[in-house]
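Bear in mind that the values in this text are calculations on the coordinates, not laboratory data. These numbers come from a predicted model, not from an experiment. Counting neighbours? That spans all protein chains shown, and the Cβs are built from the backbone with ideal geometry, glycine included.
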Amino acid sequence: MAGLLLALALLKPQVGALAIGYLLFDGLRTRRWRMLGTFVITSAILWGGAALVAGPQIYAQWLAGLNAYRVSLPDRPMIFLPLGPLIALMVVLLWHRNRGDYFTLALLVNTLVYPLSVIYIVSAVAFVVIRWRRDWEIYPLALCWLIPPIFARLPSSPDFRIAAIQAIVAVGLLVGLVPRLARRAAERVS
């Protein structure tokens, strides 16, 4: 099942290439041959099947489609200005609390260095926060409701679009860093 899921994840390789690579490396290291075999067979069926149905030019068209996004979307990693240094600091702080989980770190790094900053790419941040902080608080997410109205009033430009996405990512990472209010209140009562 793991090999099947990894192969399916390759349908959108730019979203989790580093994490998939880490899991495949770990599969080789731990000799999980069944998982690796299932991955290879499923990948061959999916990618080969697409080439058989649509022709091999489908992959060139896919790459051309990715390049076409560069005209209308910011083409830089999430960790660049304007809010990139803040996001990088938040990632370091979150990682410091969760050292040793290299799969999730690979997923997070992939998200932050992938040079096409669209909102679905950063959905992995939610997975990282939930995995690393099982007792996460919902109150910082209220800030997400403020981000679109603020940025909607600003002129439309790639810089403002990247700043809006970065602000959403920063709020997502903030969820993993803020203290639990309920626990602190309970500690004060005792």
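Numbers for the structure displayed
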quantity	calculated
In nm, spacing of pseudo-spin labels at Ala142 and Arg34 (7 Å Cα→C-beta vector)	4.9 nm
Leu86/Asp26 FRET efficiency (R0 41 Å; Cβ-Cβ; nearest 0.05)	0.85
For region 2-70: relative contact order, % (alpha-carbon pairs under 8 angstrom, 6 or more apart)	34 percent
Sites Leu8 and Asp75, calculated FRET efficiency, Cβ-Cβ separation with R0 41 Å, nearest 0.05	0.90
Over region 58-168: Kirkwood hydrodynamic radius from C-alpha pairwise inverse distances, Å	15.3 Å
Net dipole in debye of the chain [+1 Lys, Arg Cβ; -1 Asp, Glu Cβ; about Cα centre; nearest 20]	460 debye
Listed residues Thr111, Thr38, Thr30, most fluctuating in the chain (Gaussian network, C-alpha, under 10 Å)	Thr30
Helix runs (DSSP H) in the chain reaching 15 Å along axis by Cα, Kyte-Doolittle at least 0.5	13-29, 33-54, 84-97, 102-113, 158-177
Within a Gaussian network of the chain (alpha carbon springs, distance under 10 Å), most fluctuating of Trp62, Trp95, Trp136	Trp62
Separation in nanometres of the label points that stand 7 Å from Cα toward Cβ, at Phe151 and Arg99	3.4 nm
Where N is the number of residues in region 1-99, Cα Rg divided by 2.2 N^0.38 Å	1.40
Full-stretch length increase - Gln57, Val113 - with 0.36 nm per residue and alpha-carbon distance subtracted	17.4 nm
Whole-number D in µm² s⁻¹ for the chain, Kirkwood Cα-pair radius fed into Stokes-Einstein, 37 °C, 0.692 mPa s	175 µm²/s
